[in-house]
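Everything on this sheet refers to the single structure shown next.
The values are calculated or read from the model by the stated rules, or taken from the named source; none is laboratory data. Model, not experiment: these values are computed from the prediction. We place every Cβ from the backbone using ideal geometry, glycine too, and count neighbours over all the protein chains shown.
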Amino acid sequence: MNNFVLPPWKRIELGDPMLITDTVDSLRQELNAIYLKHAAPTNMAAFLRYETQSRLHCSVCIYLSPELSAQYTDRKAQLCPQPSTDGLVYFIGDLVMITKL
């Protein structure tokens, strides 16, 4: 029996959508390069969501699947539980993965 446990999901909070266009584009390129470096595996993806947490403005958050989270080591990415699919939008990687959540 294989006892391999996938790492948890990671969440990157980028901030106000009006101020982070360049950051989003740069992160998309960086994550896509990781995805392609690993031969575009299934179950490796990132998703985007606009979130409000009792604030006036919303914030853009990127969620990394366990497979992608294992390869992305930036300290801005915080461990988190698997996100709900409410408002979740494909960002990069395995397009079919959103149907598996």
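Looking at this structure, is R75 exposed (fewer than 15 other Cβ atoms within 10 Å of the Cβ) and charged (D, E, K, R)? Considered against the rule, which asks whether it is exposed (fewer than 15 other Cβ atoms within 10 Å of the Cβ) and charged (D, E, K, R), R75 comes out as yes. Among the residues of the range 19-48, what is the count of those that are of a type outside the set (D, E, K, R) and over 14 Å from D94 (Cα atoms)? The number of residues fulfilling the criteria is 8. Considering the range 47-90, the residues that are among the aliphatic types (A, V, I, L, M) and over 12 Å from L14 (Cβ atoms) include one that is modelled with the lowest pLDDT, namely L56. Residues of the range 1-15 that are over 17 Å from Q82 (Cβ atoms) and either modelled with pLDDT of 90 or more or part of a strand (DSSP E or B) (or both): L14, G15.
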